[in-house]
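Notes for the one structure printed next.
The values are calculated or read from the model by the stated rules, or taken from the named source; none is laboratory data. Not measured: the values here are computed from a predicted model. Positions of Cβ are generated from backbone atoms using ideal geometry, with glycine treated the same way; all protein chains shown enter the neighbour counts.
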């Protein structure tokens, strides 16, 4: 939820959060944030909209009514996202467990931070290549 708080502080007024069981998790979310929030800036009442959705690959296992209510395919303003971005990297990153399993908490934390910082850096430097490719396809 710290990412949501950062977005609110940055002036974002419409937020959609995806989670595998958002249909259940989101029911009392606003109340939990008021009661247990570490950061008081998470004020959902200051937003135009705060919605939760179930990512595309997970929503298929939900009941039809849940699919109709929480599918990104039926939500205005979300574009063509699938909501599975975080999970697409698991296969690549599962091997990091081998390197951290025998470490103490601090060393494990440092290894994971280093790994994810490297991952983000490679994504960042690869953006130009993807932008150039996308622009060349438009021409």
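Are any of the residues in the stretch 33-51 more than 29 Å from residue 118 (Cα to Cα), modelled with pLDDT of 90 or more, surrounded by 16 or more Cβ atoms within 10 Å (Cβ to Cβ) and not assigned by TED's automatic domain parsing to the domain that holds residue 116? There is at least one residue in the stretch 33-51 that is more than 29 Å from residue 118 (Cα to Cα), modelled with pLDDT of 90 or more, surrounded by 16 or more Cβ atoms within 10 Å (Cβ to Cβ) and not assigned by TED's automatic domain parsing to the domain that holds residue 116.
Of all the residues in the stretch 75-94, those that are surrounded by fewer than 10 Cβ atoms within 10 Å (Cβ to Cβ) and modelled with pLDDT of 80 or more number 4. For residue 104, the requirement of being on the phi > 0 side of the Ramachandran plot, surrounded by fewer than 10 Cβ atoms within 10 Å (Cβ to Cβ) and modelled with pLDDT of 85 or more is not met. Applying the condition of being modelled with pLDDT under 85 and in contact with a helix residue (DSSP H, G or I) (Cβ under 9 Å, 6 or more places away or on another chain) to the stretch 6-32 and asking which residue is surrounded by the fewest Cβ atoms within 10 Å (Cβ to Cβ) yields 30. For the stretch 60-74, a residue qualifies if it is under 12 Å from residue 20 (Cβ atoms) and buried (at least 18 other Cβ atoms within 10 Å of the Cβ), and the qualifying residues are 62, 70.
Scanning the stretch 62-81 for residues that are farther than 19 Å from residue 12 by Cα and out of contact with any helix residue (DSSP H, G or I) (no Cβ under 8 Å at 6 or more places or on another chain) returns 63, 64, 65, 80.
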